[in-house]
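Asker: Take this structure, written in structure tokens, and hold onto it; I'll ask about it next.
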Amino acid sequence: MKTATFAGGCFWCIESAYNRLAGVHSAVSGYTGGPDANPSYKEVCGGRSGHVEAVQIRYDPAQIDYDTLLRAFFALHDPTTLNRQGNDVGPQYASVLFYHDEEQRQAAERKLADLAGDYPAPIVTRLEAAAPFYPAEDYHQQYFDQHGHEPYCQMVVAPKLAKFQQYFSVYLKK
């Protein structure tokens, strides 16, 4: 098993999508990148903790490769908006690729370079070495699967997830 960590706005969308991919053992919503250990949702949402909402993925590279995880990451959010995804605004919603080894760093650099001309604005996704990851509170885990009926999930997560599932249908768990 290998680990990948991505931040691309609200972790509910990202986590839900990755948990549907074959080869992904788990996708956990949490916080990373800031100086303090074990931050709370309230601290992170305050925008001053230095942490971002992120998802840590445990995957089997024999079933799904890191490049596919990167493609999914860029399909799930807008990498050209600084500290913002839709109505979610603040530094906690930054787009960040956290690499766990040199191979991931190089793959992420290649992907960023390959995609540079594909967007109408510059990509603002940061590339950073993985920092300690702190799982979010239990009620954030598998949030969409448990609360898909709620307005935010219906208006934001569900359409994004439907588009993702259509585009990545070949990679979905059976």
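The values are calculated or read from the model by the stated rules, or taken from the named source; none is laboratory data. No experiment lies behind these values; they were computed from the predicted model shown. Reconstructed Cβ throughout: ideal geometry from the backbone, glycine too, with neighbour counts over all protein chains shown. Please note that ligands, DNA and RNA were not included when accessible areas were found on the heavy atoms of the full protein model with its side chains. Shrake-Rupley method; radii C 1.70, N 1.55, O 1.52, S 1.80 Å.
Asker: Report whether or not Pro120 is at pLDDT below 95 and open to solvent by 40 Å² or more (accessible area, probe 1.4 Å). Before the answer, list the steps.
Answerer: Working: at pLDDT below 95: yes; open to solvent by 40 Å² or more (accessible area, probe 1.4 Å): yes.
Against the criterion (at pLDDT below 95 and open to solvent by 40 Å² or more (accessible area, probe 1.4 Å)), Pro120 qualifies.
Asker: Taking the options Gln63, Gln56, name whichever one is open to solvent by 10 Å² or more (accessible area, probe 1.4 Å) and closer than 18 Å to Gln142 by Cα. Let's see the steps before the verdict.
Answerer: On the way: Gln63 fails: closer than 18 Å to Gln142 by Cα.
Sole residue among the options that is open to solvent by 10 Å² or more (accessible area, probe 1.4 Å) and closer than 18 Å to Gln142 by Cα: Gln56.
Asker: Against the conditions (1) outside any strand (DSSP E or B); (2) open to solvent by less than 10 Å² (accessible area, probe 1.4 Å); (3) touching a helix residue (DSSP H, G or I) at 6+ places or on another chain (Cβ under 6 Å), where does Ser49 fall short? Just the number, please.
Answerer: (2)
Listed here are the residues, each with its yes/no results for (1) closer than 30 Å to Lys174 by Cα; (2) out of contact with any Leu (no Cβ under 9 Å at 6 or more places or on another chain).
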residue: Ala27; (1), (2): yes, no
residue: Gly34; (1), (2): no, yes
residue: Arg58; (1), (2): yes, yes
residue: Phe98; (1), (2): yes, no
residue: Glu102; (1), (2): no, yes
residue: Arg105; (1), (2): no, no
residue: Gly117; (1), (2): no, yes
residue: Ala121; (1), (2): no, yes
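Asker: Being open to solvent by 20 Å² or more (accessible area, probe 1.4 Å) and either assigned to a helix (DSSP H, G or I) or of a type in the set (Ser, Thr, Tyr) (or both) is the filter here; which residues of the stretch 67-97 pass it?
Answerer: Selection gives Asp67, Arg71, Ala75, Thr80, Thr81, Pro91, Tyr93.
Asker: If you go through the stretch 122-174, how many residues are closer than 19 Å to Asp88 by Cα, hydrophobic (A, V, I, L, M, F, W, C) and not in a helix (DSSP H, G or I)?
Answerer: Residues in the stretch 122-174 being closer than 19 Å to Asp88 by Cα, hydrophobic (A, V, I, L, M, F, W, C) and not in a helix (DSSP H, G or I): 3 in total.
Asker: A follow-up question, please. Starting from the stretch 93-117, keep only residues that are of a type in the set (Gly, Ala, Ser), then list their pairs with residues that are assigned to a helix (DSSP H, G or I) and open to solvent by 10 Å² or more (accessible area, probe 1.4 Å) whose Cβ atoms are within a distance under 8 Å, requiring at least 6 positions of separation or different chains.
Answerer: The qualifying pairs are Ala107/Tyr66; Ala107/Asp67.
Asker: Give the residues of the stretch 16-42 that are without any contact (Cβ under 8 Å) to a residue 40 or more places away in the chain and among the basic types (Lys, Arg), sorted by residue number.
Answerer: Lys42, the sole residue that qualifies.
Asker: Out of Gln142, Gln146, report the one residue that is in contact (Cβ under 8 Å) with a residue 12 or more places away in the chain and under 18 Å from Glu53 (Cβ atoms).
Answerer: Working: Gln146 fails: in contact (Cβ under 8 Å) with a residue 12 or more places away in the chain.
After applying the criteria, what remains is Gln142.
Asker: Counting only residues that are open to solvent by 70 Å² or more (accessible area, probe 1.4 Å) and under 14 Å from the mean Cα position of the chain (by Cα), which one in the stretch 132-174 is modelled with the lowest pLDDT?
Answerer: Within the stretch 132-174, the match that is modelled with the lowest pLDDT is Gln142.
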